Each structure stands twice: as structure tokens, then as C-alpha cells.
């Protein structure tokens, strides 16, 4: 008899511990399913307007190539292109157009997303070099890549119609002579000013 009483007391203690745990679990499940009124909801997927620096936007003729690169992507809307600053503004939901997909779209046409310059614009030096012998956007793109890959070049443009290469450089890392030397190695003819 005494043994049964002890067993009953132990069972009651277990029930006193287990019941609140079960009730708390049920309440947590209900709160997860039906959030409390006024509780903050997760942010909705919102369209964002984002401006990216674009490499490969080397000449005015490449603007249409950039438009073509993104025109078939329904999740991505090209709002504007600023050729002079090598930037493009897009409207999209970043979650729907992951960075790898974005890079793939641009990469098919020779473009890429570039980080912002390390220096502010007022600390960069503009260099303009007159050139000859560039007669198409392919030639311009080749000259552009030669210049853009030089450490210290933050932005470059090549205009074969006007016969000029323009670069914004960090004067502590590179100079005009380095740009001219790279162009000569690539067999780009320099005009004398």
C-alpha cells in the first residue's frame, strides 16, 4: 500500500512538470501559426533602385550592348545608363536576381559589376590620351581592358570615333606614362598632342 502511495506521488510530480511544458509548446505553436496582432511582420519583397558601376562600358556604342544584355531578364529593369561615369541604375528585387545571376547576364556581353572607387572623385586625376587606329567597338574594348587592368585606374573610356582614351586614376598608384606604355604594348597608336 505504501509503495502505491509513493508511486502515485511520483506520477503526480511528473504530471506537474510535463503539463506546463506541453501547454507552453502548444502556445508557441499557436503564436507561430497565428502571429499576435500588431507583431512586426517580415519585410515584404520590395523592389529596390540600385546604381552599379559597370566595367566594360568603355565607349558610347556599348550602351546598347548593355541594354541588350539585360532586356530578356523580366526581374531586372534598366532605368538609366550614365556612360560618362560608367554607371547604370537598375530596378529589381535583390532576392529574385542574385548577384551570380546578375554577373552572368552582364558577363555574356563583356560587362561586370565593379565596386565603388576607393577614393572620392575629387582625389582622382583625369588623364586623356589621343589615339589612332581604333576603328570599331571591338578595338575600343581591347584598349579599354589594357587600361582598366592597370592598378590605380578607377574608370576608363575609349572613344574610337573621337580617337581618345580617358581614364580616372589614383595618382599615388599610376600615371600617364604607365597608361601610354600599356597602350603601346597593346599596339595602340598614340597621337602626339
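Derivation of every value follows stated rules applied to the coordinates shown; laboratory data play no part. If you're wondering where the values come from, they're calculated on a predicted model, not measured in any experiment. Because the Cβ atoms are built from the backbone with ideal geometry, glycine has one as well, and the counts that use them run over all protein chains shown.
State the volume of the convex hull built on the alpha-carbon positions of region 121-190, expressed per residue in Å³ and rounded to an integer.
Considering the Cα atoms of region 121-190, their hull volume per residue is 69 Å³.
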Check: Which distance in nm do the two modelled labels at residue 51 and residue 186 give, with both placed 7 Å along the Cα-to-Cβ direction?
Finding: 2.6 nm
Checklist line | 136, 58 arranged by Cβ crowding within 10 Å, fewest neighbours leading | finding: 136, 58
Check: Under a point spin-label approximation (7 Å from Cα along Cα-to-Cβ), what is the residue 136-residue 95 distance to one decimal in nm?
Finding: 4.5 nm
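Using 0.36 nm per residue of separation minus the Cα-Cα distance, give me the extension gain between residue 128 and residue 164 in nm, one decimal. Numbers along the way, then the final one.
Numbers: separation 36, 0.36 × 36 = 12.96 nm, distance 0.67 nm.
12.3 nm is the gain from fully extending residue 128 to residue 164.
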Notebook entry, point to check: So how long is each side of region 56-153 along the principal axes, counting just the alpha-carbon atoms, biggest first, in Å?
Noted result: 42, 32, 21
